[in-house]
Amino acid sequence: MASLVQVEGKYKHDFDKVARVVYNRLKPGNMETVGRLEFDSTVNYLKGQSTLDVGTVEDMRKIDDPYNTYKVTGLVPGPISNPGMEALQSAISPAAGPWYYFVSINEDKTVFSVTNEEHNRNVAEYEKQRKQGQ
């Protein structure tokens, strides 16, 4: 859990909320992601790479690997990083909240959302800002 928070939580001030997203996705009856974490970081880990462009969800679901959180439900079989103290603390004591999704827009702004529709709007904002920065 803490290793996912470490890698997915791009900025330490977001770790508590990222941890909550993990717990919410793991909840029995979760209909948003049906128990899948769907983290690009786990796909990067299994491929031994670090990129923002891991491919389409459809393509990622074809990869048969226990670290592929787009295909398997639940936690991965082992850590994907060496978590720091902040990530460990967040995994133990996450923020309270209903979020299932998040995207880091920039260093000061990570947006958390409850629905995939809301998340897609946030991703579009991220893409827009990323293109403006190039």
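Tabulated values for the structure
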read-out	value
In segment 10-47, the residues that are part of a loop (DSSP other than H, G, I, E, B) and either acidic (Asp, Glu) or modelled with pLDDT under 90 (or both)	LYS10, TYR11, GLU32, GLU38
Every pair of residues 6+ apart whose Cβ atoms lie under 9 Å, when the first sits in segment 84-102 and is under 20 Å from ASP40 (Cα atoms) and modelled with pLDDT under 95 while the second is open to solvent by less than 30 Å² (accessible area, probe 1.4 Å) and hydroxyl-bearing (Ser, Thr, Tyr)	PHE102/THR110; PHE102/SER113
Residues of segment 84-108 satisfying the condition of being aliphatic (A, V, I, L, M) and open to solvent by 30 Å² or more (accessible area, probe 1.4 Å)	MET85, LEU88, ILE92, ALA96
Residue check, GLU38 of a type outside the set (Ser, Thr, Tyr), open to solvent by 50 Å² or more (accessible area, probe 1.4 Å) and under 14 Å from the mean Cα position of the chain (by Cα)	no
Tally, over segment 74-83, of residues that are of a type in the set (Ser, Thr, Tyr) and open to solvent by 60 Å² or more (accessible area, probe 1.4 Å)	0
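The values are calculated or read from the model by the stated rules, or taken from the named source; none is laboratory data. Remember, it's a predicted structure, so these values are computed and weren't measured experimentally. All Cβ positions, glycine included, derive from the backbone under ideal geometry; neighbour counts span all protein chains shown. We work out accessible area using only protein heavy atoms, side chains counted, and drop any ligands, DNA or RNA first. Shrake-Rupley method; radii C 1.70, N 1.55, O 1.52, S 1.80 Å.
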